[in-house]
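Asker: Pasting a structure here, questions to come.
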Amino acid sequence: MRTLKHTLSLYIGLFVLWLLLSGQFSPLLLILGLFSAGLTTLLVRRMERLDNELYPLALSPRLPGYWLWLLKEIVVANFAVIRCICQPRLRLSPRHLVLLTQMRSDVGRTILANSITLTPGTVTLSVDAKSVEVHALTSRASTLLMDGQMERHVPDFGGTS
């Protein structure tokens, strides 16, 4: 049952991606897109490359909310960095942090690290199974990371890798 769920979600995810990238809705092209996603899914199963971390990305209901939250954080952080640059007296207080993480999957840790780097004023330096090493430009940015706000919003797909 679990393999069927993974296979089906990969198929749906590939078709949705194809649909978004092609933007074509004519019947012939929709059929070709379905066939293409099916063939790719079949090849992935045959090569035994279907793993536990593929399927949650396709069907996780938390992703749209997370994307909206991340977009808001990127905009807010952009204005904070602009404010730091435009002020006559810079309020920079660079910090080097090591954040302990509760993320159980490689995908969750990767999304957390990328989210930190996408947010202006912060950059991920390294990631391992238990921690994320970060450089923050301001004390406010480091405080927001240290209180775990970002990690609470990042979807963790519960893998064991």
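Asker: So, residue 50, is that one more than 21 Å from residue 21 (Cβ to Cβ), open to solvent by less than 50 Å² (accessible area, probe 1.4 Å) and at pLDDT 85 or above or not?
Answerer: no
Asker: Working carefully through the options 92, 68, 29, find the one that is touching a helix residue (DSSP H, G or I) at 6+ places or on another chain (Cβ under 9 Å), open to solvent by 50 Å² or more (accessible area, probe 1.4 Å) and modelled with pLDDT of 90 or more.
Answerer: Just one listed residue meets the conditions, 29.
Asker: Could you check region 95-120 and list, in sequence order, the residues that are more than 18 Å from residue 76 (Cα to Cα) and either modelled with pLDDT under 85 or open to solvent by 80 Å² or more (accessible area, probe 1.4 Å) (or both)?
Answerer: Matches in region 95-120: 95, 96, 98, 100, 102, 104, 105, 106, 107, 108.
Asker: Let me ask something else. Of all residues in region 1-26 being open to solvent by 100 Å² or more (accessible area, probe 1.4 Å) and assigned to a helix (DSSP H, G or I), which is modelled with the lowest pLDDT?
Answerer: Across region 1-26, the extreme among qualifying residues is 2.
The values are calculated or read from the model by the stated rules, or taken from the named source; none is laboratory data. Just so it is clear, the model here is predicted, and its values are computed rather than measured. Cβ: placed from backbone, ideal geometry, glycine included. Neighbour counts: every protein chain shown. Just so you know, the surface numbers come from the protein's heavy atoms only, side chains and all, with ligands and any DNA or RNA stripped out. Shrake-Rupley method; radii C 1.70, N 1.55, O 1.52, S 1.80 Å.
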